[in-house]
Amino acid sequence: MTIWFATGNAHKKAELAAVLQEHEIRIPADAGIEFDPEETGATFLENALIKARALYRLTAEKGLADPIIADDSGLCVDALGGRPGIYSARYQGVGRYGSEGGKKPDAAERNALLLRELGDNPNRKARFVCAMVLLFSEDRFFAVQETLEGEIISRAEGKRGGGGFGYDPILWLPELGRTVAELSEEEKNRISHRGKAAMALAKLLGG
Ligand code: ITT
């Protein structure tokens, strides 16, 4: 079945497609659809629904009736009161979250900014959170939220690994002795917030 994934993030698409192998995953960019809805929600789930409904309207206008998946995700750091959380993509360091104007920091810069903000705080506990919805029409959907627990790597160590994206190089998984960026795509999908959420939806979708 064709499923539209309401994202502009190609890394997310690759991760979801690897779990939902039986299905054809399409993102707005695949069809030349401009897609950047304002994420005004107060929670991951609200933002996931905003994205899913926005793409549902756009595809319905084109006469398409395929299911929509959307994910809103981020890194929640305990010692920072759960920040950057829903603002992870817009994090600009020390409590600053930009949405427009100026040059936005790239992932490597955001990682460095976060390590600087956390400093040498001994409480390194953090988790990735992913809220994912499978939406069939405006008011019909399934929702799931999953996490991946870890610790922010020490400032001295900086970052480790070249896989994944975003904050993966700075989230250390003590049980595996590796950062998320040091996992293969398959390993990450097996344990990650997004992978586990996608597996739950895969069961609902069937083969
Ligand atoms: P869409 O909104 O278009 O889906 P996005 O990248 O802006 O793409 P979010 O609004 O959900 O997605 O922001 C999530 C941010 O949280 C993302 O840009 C990363 O910085 C971070 N993040 C989420 N999942 C991650 C993962 O698996 N590994 C590393 N960083 C992740």
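Between G177, G85, G74, the GNM of the chain built on Cα springs shorter than 10 angstrom shows G177 fluctuating the most.
Of E175, E22, E186, the residue with the greatest mean-square motion in the GNM of the chain, using alpha carbon springs below 10 Å, is E175.
Could you identify which residue out of Q145, Q21, Q92 has the top mean-square fluctuation in a GNM of the chain using Cα springs shorter than 10 Å? Judging by the Gaussian network model, the answer is Q21.
With neighbours defined as other Cβ atoms within 10 Å of a residue's Cβ, the residues C130, C76 order from fewest to most as C76, C130. Here K104 is the anchor, and the lysines within straight C-alpha reach of less than 24 Å, apart from those fewer than 8 places off in the same chain, are K12, K13, K51, K159. The Cα center of region 35-54 and the Cα center of region 90-150 differ in position by 14 Å. Once you reduce region 61-82 and region 1-27 to the center of their Cα atoms, the two points are 13 Å from each other. Each Lys and Arg Cβ is given +1 and each Asp and Glu Cβ -1; about its Cα centre, region 35-88 then shows a dipole of about 100 debye.
Rg over Rh for the chain works out to 0.97, both radii taken from alpha-carbon positions and Rh defined as the Kirkwood radius. Helix content alone sets the calculated 222 nm mean residue ellipticity of the chain: runs of n ≥ 4 DSSP H residues at -39500 (n - 2.57) each, divided across all residues, give -9000 deg cm²/dmol. Extension gain for A156 to E138 (0.36 nm times residue separation, less C-alpha to C-alpha distance): 1.7 nm.
Compared with the direct C-alpha span, the chain from E22 to E186 gains 57.4 nm at full extension, assuming 0.36 nm per residue.
Only Cα pairs under 8 Å and 6+ residues apart enter the sum, and on that basis the relative contact order of the chain stands at 20 percent. Where nothing but the Cβ of Lys and Arg (+1) and of Asp and Glu (-1) is charged, how large is the charge dipole of the chain around its Cα centre, in debye to the nearest 20? The calculation lands at about 360 debye. Below 9 angstrom from the Cβ of K196, what's the summed charge of the other residues (Lys, Arg +1; Asp, Glu -1)? Net charge in that neighbourhood comes out at +1.
Just so you know, all these numbers are worked out from the coordinates, no wet-lab data involved. Predicted model, so just to flag it, every value in this text is computed and none were measured. Heads up, the Cβs are rebuilt from the backbone with ideal geometry, glycines too, and the neighbour counts pull from every protein chain shown.
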